[in-house]
Amino acid sequence: TVVSAARRIPAHTEHSSDVADGFFGPVELSTGTLGYAEGLNMSLGLVAVHPVTAAPIYGRVVAQWPEMQRQALAAHALLPSVPAIGWDLVATEWGVLILEANVAWSTNLTQLRGLAPLGESDWPAAMLAYLDKVQSPERPQ
């Protein structure tokens, strides 16, 4: 189950892996549509258009969004002993590529305005299902 998603947006025109330098836009899971972006420095406020390029952020649809979800779910199925993974994916002309899997994923991104709190997402049910699956038979239920 995909419970939350955010799109990393560089603050400048060059790409950077520095998470402190840039914005994150919450992704609406059913459509792949971006909400208002914000930086980890919340004093910057909500961002609807890129401050350097003027490219729209709010309302933009993430390229290859359905395939991104399929790739993340298929990859996660290969790691059934890991209850939650944060996937870094990129849309390319060759399709969706997985950059990395993060077992210590960015829970701070799930707190972006525009995303449902984890407690209001499918997260609790997914974690309970995982715990039921791995619970040892000798432990009382």
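The values are calculated or read from the model by the stated rules, or taken from the named source; none is laboratory data. These figures come from a predicted structure and were not determined experimentally. Methodologically, a virtual Cβ is constructed for each residue, glycine included, from the backbone with ideal geometry; neighbour enumeration extends over all protein chains shown. For the accessible areas, the whole protein counts, side chains as well, though only heavy atoms, and no ligand, DNA or RNA atoms are used. Shrake-Rupley method; radii C 1.70, N 1.55, O 1.52, S 1.80 Å.
Relative to the dominant Cα principal axis of the chain, helix 123-134 is inclined by about 30°. Per residue, the chain reaches -5500 deg cm²/dmol at 222 nm when only DSSP H runs of four or more residues are counted, each adding -39500 (n - 2.57). For the stretch 63-103, GluC sites (Glu not before Pro) meeting the loop criterion (DSSP other than H, G, I, E, B) and having at most 10 other Cβ atoms within 10 Å: Glu93.
Protein heavy-atom accessible surface, 1.4 Å probe, per residue over the chain: 64 Å². With everything on Cα atoms, drop me the angle between helix 65-77 and the longest principal axis of the chain, reported from 0 to 90° to the nearest 10. Helix 65-77 and the main axis of the chain meet at about 30 degrees.
Considering every alpha-carbon pair of the stretch 36-141, the percent of pairs per 10 Å bin, from zero through the bin containing the longest distance, is 11, 31, 36, 15, 5, 1. Given a 1.4 Å probe and the protein chains as shown, Trp87 ends up with an accessible area of around 60 Å². Across the stretch 57-107, Cα pairs under 8 Å and at least six residues apart give a relative contact order of 33 percent.
Hey, quick one: spin label on Val82, modelled 7 Å out along Cα-Cβ, who in the stretch 98-126 has an amide N within reach, i.e. under 14 Å? Backbone N within reach: 98-106. Only Cα pairs under 8 Å and 6+ residues apart enter the sum, and on that basis the relative contact order of the chain stands at 21 percent.
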